[in-house]
Amino acid sequence: MNLLSRTQNRVSLPNKVVTSAGLSRLSNYSWAELMRRVFAFDVLECDRCGGRMRIIAALHPPEAIRKILDCLGLPVRAPPIAPALRGLDGDEQVVF
């Protein structure tokens, strides 16, 4: 078993933190770990080679995000919300 396969199969758990009152609690999970746990999808795994990606920046100002999306030719605005579906008998309620 090589190093790469060992690290991919490893389950990372939150770290145990001891508070000033002497109580122990679990630290928070990273967003990538939460996505992997909830959706069973590793957001930091490269689609092409399977390697690990790193986060190099977090963009918060909306204007910076708009400029980057515009430069890449991607839509700047979210798609419009579709109207609710009607039931099969034309009723307004949707049955799940």
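Based on other C-beta atoms within 10 Å, arrange LEU59, LEU72 from fewest to most.
Ordered from fewest to most neighbouring Cβ atoms within 10 Å, LEU59, LEU72 come out as LEU72, LEU59.
In nm, what is the difference between 0.36 nm times the number of residues separating TRP31 and ALA57 and their Cα-Cα distance?
7.9 nm
How long is the gain from ARG66 to LEU85 if the chain were fully straight, where each residue apart is worth 0.36 nm and the alpha carbon distance is subtracted?
In short, 3.7 nm is gained.
Rule-based calculations on the coordinates, nothing more; no lab input. A quick note: this is a predicted structure, and the numbers were derived from the prediction, not measured. As a convention, Cβ positions derive from the backbone with ideal geometry for all residues, glycine included, and neighbour counts pool all protein chains shown.
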